[in-house]
Amino acid sequence: DVYMQEYTRDDIIARYISDSAGDGIAYILHHVYAPAYLRAIRELVSSRPKGHAFRVMEYGCGGGMNLLRIVELLRSEGAVMGRGYGADFSPPMIDAARKEASRHLPGELNAKLTFVVAGNENLAADLCQELQVAKNELAGSFDLIVGVNTTRYAHRLNRENELARDIFDLLRPAGQTIMIDMNRYFPFFRSRVREGFAKRGVETYIPSLKEYTRPFRDTGFEIKESRNFCWIPHSANQNLLKICRALTPVLNTCCSPLAMRSLVVGRKPV
């Protein structure tokens, strides 16, 4: 399994934990992705009863950095944290996520997180198996489900419809999902430059924004946002980060369809 071989390597895992991921992802989590998370969280807080215990999940969580940021944002908005789940198909990634949470969250919040081995292509079934619960116990129990740089793998396996359906079924009414992933039309990903823009196979396929959006729309989500954004590489050092930050307003104005990431935000109807 080419994906398992890659995502069990120590040098790859290091890209997904905060101490070694780079300056780019640290900035992005707080200033680029966080506004999308905050919009969803504030809408959810305003629509849920007072004292509601929120349940959130990140699928394809890697080292758990996005999940930890969402937990921090929930706390900053005065929301009650019920349970948080991180799911990833790679056991070493899950081990790294557990360590990340224990290092960076207060004990009471860390105790509310559960990390499980679960693949995107069979998300609900794998969750039920790992948590040893029936599917109807998880159905309609989540408020927010997020996937960052992981949904493209479901597309590569032709399981994007199943992933969208699982997310829909797991969410409560008015629950939201946020998907962020690589934009097919950004021309300068490092792997693409290394390969000299050669034609790539299914193992490196990147969907378009339209392709990312379709399964969520077809499943029944109300699409709140569908756009390309972000001009900062996750692995950027301080110098590259400064350059990308300075160029971002111009690039957003001139060529937003070519931005690095695709964003899809969906809401489950009431």
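Miscellaneous remarks
- The lone exception for Leu105 - which of (1) in contact with a strand residue (DSSP E or B) (Cβ under 8 Å, 6 or more places away or on another chain); (2) closer than 25 Å to Tyr27 by Cβ; (3) at pLDDT 95 or above it fails: (3)
- Each residue in the range 121-131 was checked for being closer than 18 Å to Pro215 by Cβ and either in contact with a Gly (Cβ under 6 Å, 6 or more places away or on another chain) or aliphatic (A, V, I, L, M) (or both), and 3 of them qualify.
- Whichever residue in the range 158-179 is polar (S, T, N, Q) and open to solvent by less than 10 Å² (accessible area, probe 1.4 Å) and, among such residues, is nearest to Leu67 (Cα to Cα): Thr177
- Tally of residues being open to solvent by 40 Å² or more (accessible area, probe 1.4 Å), in contact with a Lys or Arg (Cβ under 8 Å, 6 or more places away or on another chain) and not in a loop (DSSP other than H, G, I, E, B) across the range 62-81: 0
- Some residue of the range 235-258 being surrounded by 13 or more Cβ atoms within 10 Å (Cβ to Cβ), outside any helix (DSSP H, G or I), modelled with pLDDT of 95 or more and not acidic (Asp, Glu): no
- Inter-residue pairs, beta-carbon under 7 Å, first under 13 Å from Ala21 (Cα atoms) and in the range 236-248, second at pLDDT 95 or above and of a type outside the set (Asp, Glu), 6+ apart: Ala236/Cys244
- Residue tally, condition closer than 18 Å to Arg55 by Cβ and in a helix (DSSP H, G or I), over the range 106-130: 9
- Count of the range 142-172 residues which are assigned to a helix (DSSP H, G or I) and β-branched (Val, Ile, Thr): 2
- Ser141 being of a type in the set (S, T, N, Q), more than 15 Å from Asp169 (Cβ to Cβ) and surrounded by 16 or more Cβ atoms within 10 Å (Cβ to Cβ): no
The values are calculated or read from the model by the stated rules, or taken from the named source; none is laboratory data. Only a predicted model underlies this, so the values are computations on that prediction, with no experimental measurement involved. Ideal geometry is used to build each Cβ from the backbone, glycine not excepted, and the neighbour counts take in all protein chains shown. With ligands, DNA and RNA removed, areas are computed over all heavy atoms of the protein, side chains included. Shrake-Rupley method; radii C 1.70, N 1.55, O 1.52, S 1.80 Å.
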